[in-house]
Amino acid sequence: MSTLVLESASRWFGNVVAVNDVTLTIGPGVTGLLGPNGAGKTTLMAMMSGFLAPSSGTVTLDGQPVWRNTEIYRQVGLVPERELSFGYLTGRQFVRANADLHRLPDAAGATERILEVVDMVEPAQRRLDTYSKGMRQRVKIAAALVHGPSVLLLDEPFNGVDPRQRMHLMDLLRRLGDEGRTVLFSSHILEEVERLARHIEVVVSGRHAASGDFGAIRRLMTDRPVQYALQSSDNRTLASLLMSQDSVRAVSLNGDHLDVQVDDLGSFAVELPGLARQHDVTLFELSPSDESLESVFAYLVAR
Amino acid sequence: MMNATIAKLAAQALLGRRRFILLLAFPVLLIGLVALVAALTDGDAAFQILPGLGYPLVLPLVAILAASSVLGPEVDDGSIVYLLSKPVSRHGIATSKWVVALGATLVAGALPILVAALVTGDTTRAFALFVGAAVAGTTYSALFLAVSAVTRHAVIASLMFVLIWEGLLGNLFSGVAWLSVGQWGLRIGHEISSELPDPANLPWAIAASVVVTVAGVFFAGDRLRSFTLRGED
């Protein structure tokens, strides 16, 4: 059982603040680090894995600072986002090299066992540069797990992995979490995180925006008002009709379209077509104007 | 200090890249050229190619290629994290990689100089030049390893050191010999054959070679301890 603790950790590169005063405790089980691209997830991961010094604050593993501390890697397994450049090795050779670097007493046995765990026994004699993205990802995880670490850090582990492999990886990580290991993975995809992690930490623009159980985070995200851009044959009539609906919070005329703020997405979607037909208004276009994850995050931060 | 796994991976990285062909081309061309000139003129004229071209140019180039191949690409693309995320001494990693680079430099740099020099006749001066090349190759590989650990432009920086500092300025100002890896090697070789020049003095040449070698490898290890993973964001 290991715990990673960040205390008021910040990191800046010149004038750019990548991580801003983040205090986090990552304990056993699966934790998802969620945030849009460029939010500082990779910087946080680098600090937690001892590959970046915090500009201020501390990052510790079970009380030990991780920066310039080679010994932490006895407990830590790291799966970087970085591609493997050891294309000239076979999967088995690569995992075995990792086992050897840990000086495991039974490196050959450990290699075979972990290849079994990630379901890579069969392709293990092929060279890494012949692997698909999902296979490379699994070999990277095998290499990080070969010494049985109590902490596993994964940076965007599902990026570019096909859905079937993704399921497989998720099952694996869930199992590791259930075994009492501290598993932390980063992702910019909410669905990914909530399917796997019990606990979610949200970072936006280098700040720690939210923390908690995935249900709570999900509620925060779905309860926010959603903005739509709506174009029709008669915007003004439609605006007055929409305003009479409970699901709509605000409507404004904006050039050739309407900006509609919706509280209850479900009933809005059901009511709108009927309303338009009843009053002979033709709908041309309805598009969410802030559906991007970035706007969800922006809402979380502003809250 | 040595880590067999790291050394094995470094050797595979060195042999697995296209640069390796370049690494082999240099010694082959050097021996070929010397043999050709020896056949057309005489051994003494052919020998001049070695202190003129082989020793000051081919040897450091081979050292640059070897040192930058064992460390440079991994640092550049960040894949060295796969080695560094292990409880392995960083100085051990640097030492292991240096030993591989040194082996390559001796085999593809110093040894061909010996072979080429033997082709030209005189065995004593051939061995003298070989000893000089071995010493300089040792120092060069450590120095260039340290450079590879610091900058992405290791090859350029190392080339500038060899071509501008040791080559151009070294030819213009004799004082540069005091701070020239190649000249230290020659000074040590001079002890075996007085046909080699006598720049600087012997204790200095020995001490400086040792200091640069040890400091270079140590510094490379220290840089690896502080290796920083930069994200895309």
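Give me the base-10 log of I(q)/I(0) for the protein assembly as shown at each q in 0.05, 0.08, 0.11 Å⁻¹, Debye formula, one uniform scatterer per Cα, rounded to two decimals.
With one equal scatterer per Cα and no solvent, log10 I(q)/I(0) is -0.32, -0.67, -0.97.
Which whole-number percentage describes the relative contact order of segment B:4-225, with Cα contacts under 8 Å and a sequence gap of 6 or more?
Normalised by residue count, the contact order of segment B:4-225 is 25 percent.
For segment B:40-88 and segment B:147-195, what is the separation of their Cα centres, given in Å?
The distance from the Cα centre of segment B:40-88 to that of segment B:147-195 comes to 13 Å.
Output the peptides B:149-161, B:90-102 sorted from most to least packed, where packing is the average of other Cβ atoms within 10 Å over each peptide's residues.
B:90-102, B:149-161
Just need the relative contact order of chain A here, percent rounded to a whole number, with Cα pairs under 8 Å and 6+ apart.
For chain A, the relative contact order is 21 percent.
Would you tell me the mean number of C-beta atoms belonging to other protein chains that fall within 10 Å of each C-beta in A:143-150, as a whole number?
For peptide A:143-150, the averaged partner shielding equals 1.
Tell me which residues come under 5 Å, amide H to amide H, from A:Glu81 once H is placed; ignore anything under 5 positions away on its chain.
Those lying under 5 Å, H to H, from A:Glu81 are A:Asp155.
What are the principal axis extents of the Cα atoms in chain B, in Å, biggest first?
60, 34, 31
According to a simple spin-label model (label point 7 Å from Cα along Cα-to-Cβ), what is the distance in nm between B:Trp165 and A:Val16?
3.2
Please provide three numbers in whole Å: the alpha-carbon extents of chain A along the principal axes, with the largest listed first.
On the principal axes, chain A reaches 78, 44, 34 Å in Cα extent.
Could you sort A:228-240, B:217-229, B:182-194 so that the peptide with the highest average Cβ count within 10 Å comes first and the rest follow in order? Mind showing how you got there, number by number?
Working: A:228-240: 16.8, B:217-229: 19.3, B:182-194: 21.8.
The peptides rank, most packed first, as B:182-194, B:217-229, A:228-240.
Applying 1/(1 + (r/R0)^6) with R0 = 35 Å to the Cβ-Cβ distance of B:Ala35 and B:Ala215, what FRET efficiency is obtained, to the nearest 0.05?
Efficiency, rounded to the nearest 0.05: 0.35.
In peptide A:79-87, how many Cβ atoms from other protein chains are near each Cβ within 10 Å, on average?
Mean partner-chain Cβ count within 10 Å for A:79-87: 5.
Looking at chain B, do any whole DSSP H helices span at least 20 angstrom along their long axis by alpha carbon and average 0.5 or above on Kyte-Doolittle, and which?
Taking the DSSP H segments of chain B (at least 20 Å long, mean hydropathy at least 0.5), we get B:19-40, B:59-77, B:123-150, B:202-225.
Please compute the average number of Cβ atoms from other chains found within 10 Å of each residue's Cβ in peptide B:83-92.
Averaged over the peptide's residues, the number is 6.
Please get the size of the charge dipole for the protein assembly as shown, origin at its Cα centre, with Cβ charges of +1 on Lys and Arg and -1 on Asp and Glu, quoted in debye to the nearest 20. All intermediate terms of the calculation are to be shown ahead of the outcome.
Working: 43 positive and 50 negative charges, 276 e Å.
Here the protein assembly as shown has a charge dipole of around 1320 debye.
Taking R0 as 51 Å, what FRET efficiency do you get between A:Asn37 and B:Thr123 from their Cβ-Cβ distance, rounded to the nearest 0.05? Walk me through the intermediate numbers first.
Numbers: r = 66 Å, r/R0 = 1.29.
After rounding to 0.05, the efficiency reads 0.20.
Mind checking which lysines have their Cα closer than 17 Å to the Cα of A:Lys140? Skip sequence neighbours fewer than 8 apart in that chain.
Within the straight-line limit of under 17 Å, A:Lys140 reaches these lysines: B:Lys86.
Tell me, rounded to the nearest percent, the portion of alpha carbon pairs in segment A:40-134 spaced more than 16 Å apart.
Here the long-distance tail beyond 16 Å is 64 percent of all Cα pairs in segment A:40-134.
Taking 0.36 nm per intervening residue step and subtracting the Cα-Cα distance, what contour gain separates A:Glu7 from A:His279 on full extension?
Contour length minus the Cα-Cα distance gives 92.0 nm.
Each reported figure results from applying straightforward, stated rules to the coordinates on display, with no laboratory input. Predicted model only: the values in this text are computed from it and were never measured. Here the Cβ is made from the backbone with ideal geometry for all residues, glycine too, and neighbour counts use every protein chain on show.
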